[in-house]
Amino acid sequence: MSDKPDSTENQMWGGRFSQGPAAIMEAINSSIDIDKRLWREDITGSRAHATMLAEVSIISGEDRDAILSGLDQVAKELEGGTFKFSQALEDIHMNIEARLKEIVGEPAGRLHTARSRNDQVATDFRLWCRNACDEAAAGLKALMQALAERAEENAATVMPGFTHLQTAQPVTLGHHLLAYVEMFSRDAGRFIDARNRMNECPLGSAALAGTPFPIDRNSTANALGFDNPCANSLDGVSSRDFALELLSAAAIAATHLSRLAEELVLWTSPQFGFASLSDAFSTGSSIMPQKRNPDAAELVRAKTGRITGSLNLLLTVMKALPLAYAKDLQEDKAATFESVDALALAVAAMTGMIGDFTPHPENMKAAAARGFSTATDLADWLVRELGLPFRDAHHVTGRIVAAAEAKSVRLDELSLDEMQAVETRIHSGIFDVLSVDASVASRKAYGGTAPENVKTQAQRWISALKQEN
């Protein structure tokens, strides 16, 4: 009896299956359209594995050289767009292996010694996510630099600060922009932290239990730039918390991007008139010729739903999976790829808009002066100059605000007599603190909006970011 497989046997799954899968099974089982973007990581991992197998004499040097040469050719075909993908081969891993066999013959069959698709795909995916963390952090730092540079330019540009989207106290545009620098700095840090935690190599975990072959897992981990091998083979093949952490960082960063995008939408509206975007980041209307729409900002805002949805998707996929591997994990890549792509586009678009937008300082300052925004400065003056307890000063200020509101004037437009009708000890020095310029200049405590603070912080960020580059 011949040992040669019958022609009806499934060539990928081996002799256990005598027939190929149903068409619908092939369709639901195939992931090649999604995971083919892992080809670089797959070839990199296979090169490290083949090299290690030869180092420990599991395969010969001749087989290793044939495998490495064949993988070089496969990489050239993939890079050049001549590689022919097969849905029947399910994924990028089997597509590459099949093509390698066509090129080098029997040695290709030895590449999978001491390796499973389970640890192979986990390794490829970690390599991809690790690079995604690097790129996300770099993109965010470029955005931070753009924000810091605009903050330095606008260190003294007065605008209203809001709580509840109601005018609260005057701040500067530079201070406002630096708030996002701080947020995006933490976002970049989350990607860096996630990268550090995911930097363990699953290769050598095999299907789930490890391998009886005398492999050198430290060799492959070092070759692939990992800090060390995963210490538990079950964890190595089945965990996707590294992808969840990447998606979590992406979702938080996208939320910050969305907040800034919303503000650009508001600021560029005629009702606010705080800023404008050029034609490069605006669109028109098919029916209303006067319209200038901040579509780039709106689309950045919308990407948050896609990115947060990807995180929720993978959390749901993972929530009830027993150890170790299950095919459910095939859904991890589509969600992660889509989220990372969306974040990269949103960060790039926001970086462009921050460099592009033109502030309108006169409108910002006028808005800052409305809504009795220096009322807190008045209360603070009553505490400092007259020794009133703050709660009493708050009450007095409230009555003065009511008087100004009744006359439809600003606080600094009330007369001294009108203020003294509320508190007799008020003197002319009160007018030194009621302007918006005086208000922002007084906020000199660390982290405050005083222009000198803002300029110092902006310059610190610019210098630090340039050094990192």
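The values are calculated or read from the model by the stated rules, or taken from the named source; none is laboratory data. For clarity, every value in this text was computed on a predicted model and none was experimentally measured. Counting neighbours? That spans all protein chains shown, and the Cβs are built from the backbone with ideal geometry, glycine included. Only protein heavy atoms, including side chains, enter the accessible area calculation; ligands, DNA and RNA are left aside. Shrake-Rupley method; radii C 1.70, N 1.55, O 1.52, S 1.80 Å.
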Which percentage, to the nearest 5, of the DSSP beta bridges contained in the chain is antiparallel?
85 percent
Once normalised by the length of the stretch 199-340, the mean sequence separation of its alpha carbon contacts under 8 Å that are 6 or more apart gives a contact order in percent of 25 percent
List every residue whose amide H lies under 5 Å from the amide H of A168, counting only residues 5 or more places away in sequence or on a different chain, with H placed 1.01 Å from N in the peptide plane.
G161, F162, T163
Over the Cα atoms of the stretch 134-197, each weighted equally, I'd like the Debye log10 I(q)/I(0) at q = 0.14, 0.21 Å⁻¹, rounded to two decimals.
-0.49, -0.80
D (Stokes-Einstein, µm²/s), Kirkwood Cα radius, the stretch 409-469, 1.567 mPa s at 4 °C:
91 µm²/s
Would you give the gap between the C-alpha center of the stretch 159-209 and the C-alpha center of the stretch 83-120, rounded to a whole Å?
39 Å
Protection proxy ranking, peptides 127-138, 76-87, average beta carbon neighbours within 10 Å, highest first
127-138, 76-87
Rounded to the nearest whole Å³, what is the per residue volume of the convex hull around the Cα atoms of the stretch 330-402?
196 Å³
Cross-link partners among aspartates and glutamates for K365, C-alpha distance below 17 Å, same-chain residues fewer than 8 apart left out?
E153, E263, D377, D412, E413, D437
Mind checking the per residue accessible area of the stretch 335-450 for me, 1.4 Å probe, whole number of Å²?
48 Å²
Relative contact order (%) - criterion: Cα under 8 Å, at least six apart; region: the chain
17 percent
Computed ³J(HN,Hα) along the stretch 52-63: with the Karplus parameters 6.51/-1.76/1.60, θ = phi - 60°, integer Hz and x for glycine or proline, the list is 5, 4, 6, 4, 9, 6, 7, 10, 7, x, 5, 5
Please list, in order along the stretch 321-330, the HN-Hα scalar couplings obtained from phi with the Karplus expression 6.51 cos²θ - 1.76 cosθ + 1.60 (θ = phi - 60°), rounded to whole Hz, x for Gly and Pro.
8, x, 5, 10, 7, 9, 5, 3, 5, 4
Sequence gap at least 6, Cα distance under 8 Å: using those rules, report the relative contact order of the stretch 363-461 to the nearest whole percent.
27 percent
